[in-house]
1. Given the structure, is residue 300 of a type in the set (D, E, K, R), under 21 Å from the mean Cα position of the chain (by Cα) and under 28 Å from residue 253 (Cα atoms)?
2. Could we say that residue 346 is in contact with a Cys (Cβ under 9 Å, 6 or more places away or on another chain), under 30 Å from residue 204 (Cα atoms) and either surrounded by 15 or more Cβ atoms within 10 Å (Cβ to Cβ) or at pLDDT 95 or above (or both) here?
3. Taking the stated definitions as given, is residue 420 of a type outside the set (A, V, I, L, M) and either within 25 Å of the chain's Cα centre (by Cα) or closer than 25 Å to residue 495 by Cα (or both)?
4. Which pairs do you get when a residue that is under 18 Å from residue 434 (Cβ atoms), found in the stretch 404-420, comes within reach of a residue that is surrounded by 15 or more Cβ atoms within 10 Å (Cβ to Cβ) and among the β-branched types (Val, Ile, Thr), reach meaning Cβ atoms under 6 angstrom, with the pair 6+ apart or on two chains?
5. Among the residues of the stretch 464-475, count how many are touching a residue at least 12 places away in the same chain (Cβ under 8 Å) and either surrounded by fewer than 14 Cβ atoms within 10 Å (Cβ to Cβ) or over 16 Å from residue 14 (Cα atoms) (or both).
6. If only one of 263, 276 is modelled with pLDDT under 95 and at positive phi, which one is it?
7. Is the stretch 163-185 home to any residue that is within 28 Å of the chain's Cα centre (by Cα), surrounded by fewer than 13 Cβ atoms within 10 Å (Cβ to Cβ) and either of a type in the set (A, V, I, L, M, F, W, C) or modelled with pLDDT under 95 (or both)?
8. Out of all the residues in the stretch 75-98, which are touching a residue at least 12 places away in the same chain (Cβ under 8 Å), charged (D, E, K, R) and under 25 Å from residue 125 (Cβ atoms)?
Amino acid sequence: MDQSRVSGILLHPTSLPGGHGIGDLGGAARRFVEFLAAAGQRCWQVLPLGPTGFGDSPYASFSSFAGNPLLVSPEQLVADGYLAPDELPACPAGTPERVDFGAVQAHRRALFGAVCARFQAAPPDGAREAFERFCKDEADWLDDYALFTALKERHGGAPWHAWEAPLRARDHAALANARAELAEQVAAVCLEQFLFFGQWTALRRHAEANGVRIIGDLPIYVPHDSADAWTHPELFQLGPDGLPTEVAGVPPDYFSATGQLWGNPVYHWPAHARTGYAWWIARIRAQLRLVDVLRLDHFRGFAAYWEVPAGSTTAVHGQWVAGPGAALFEALAEALGGGLPIIAEDLGIITPDVTALREALGLPGMAVLQFAFDSDATNLHLPHHHQPNQVVYTGTHDNDTTVGWYTGLDDGRRRFADGYLAGGEAIHRTLIRAALGSVARTAILPVQDVLGLDGWARMNHPGHAGGNWAWRLRDGQLETGAADWLLGLCRLYGRA
């Protein structure tokens, strides 16, 4: 991480405004980068960028290496010569303030169908050669991901463990036959990925030119129904039928008497160690080609993770199992050439071994101001406990907005917050001021807090199955006044 004092804004690209049903990597993304620069913000934090699976969650991606094709900008496709303006499908219906993922997916299927047809007939100058280079350079993951996606579509969306046994077990002849039969569909998936990575690379260059670094996000686990688990079953605790024998979660605590049962397959860490952690090295290397810094979700699971027998209905009957510890990160540092640009998400119940691991690795941890007023002056999220090698947030994607959080506080916690913060402004501005004034070198502000939005704008509500990840900015909602106010605060607190 940068040793200077900086701040940034948390906003997933799906939440950008625009007329095609979902935020994308086109003009609105470039204008947001320019807003960040004008506001003195040097970081843009995003959520995971992979293709979304169950519940449209960016934390449940079909691949650790692929990009989300829903983020490809239709307008940019026209600008780059992949479509004529009159070939764009009609925009999805719905409110501009919420993503209707079903409608967007249908729109993108039609869009990419038109793109594929034109690409075959009359690609832009140099595009076919660039596409072939991309497919060759990315073959290590792209070939399997494209086939996985094509097979999943052929099976009506069924998970890979429900496919025919030869495909499930990756029989060589069965895979070769499938590649031949589905060659057109596989090529279409590869083209979608080529377009995503091309647009993302252009956006990242625009960010770099404006002095903005991008902070990405990497979930510790992958879904069972993913190209990763299908391609490398030996790296996960799976049975002969391809089903998990143990799954991930967290144990019962103050917040939940039954814990949280996530259901992701846990890693077979001895198998990773025998390969020198090759899959993890490839995964982190791929992500660091997309972003400048990587937030590593559920860091505590690398010290010890909660393992629950598959088929359990709660996380109660699990056990702590030692994770890979420093060995994984030493292998990463050696392979990637030195210090790791990683933020350790060390939230929740953190035991001394987790803190010792993070500190030994020199990784910054996190503080969240919305968590600071749940107890008393010993709460480590309070600013007087912050450390320079830390990232402070007003809230994360899993929190309510600051306005929504404050509205829901009981009288005791509200008195504590009011007395500690002693703010004379609206609560979202008071909490932002506290974050920017912290000794933590990096401060990250959800865009909803910058705008003072209430709980309707919340991005995710953990434990709620539907309605998440859908919030979007309106056109013009981020105006010059917000940039000027943030720039002034960043200058005041030495972050500009």
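The values are calculated or read from the model by the stated rules, or taken from the named source; none is laboratory data. For clarity, every value in this text was computed on a predicted model and none was experimentally measured. FYI the Cβ positions are ideal-geometry reconstructions off the backbone, even for glycines, and counts take in every protein chain you see.
1. Yes: the conditions hold for residue 300.
2. Answer is no for this residue.
3. yes
4. 406/427
5. Adding up the residues that qualify gives 4.
6. Every option except 263 fails the conditions.
7. no
8. Of everything in the stretch 75-98, those that are touching a residue at least 12 places away in the same chain (Cβ under 8 Å), charged (D, E, K, R) and under 25 Å from residue 125 (Cβ atoms) turn out to be 75, 80, 87.
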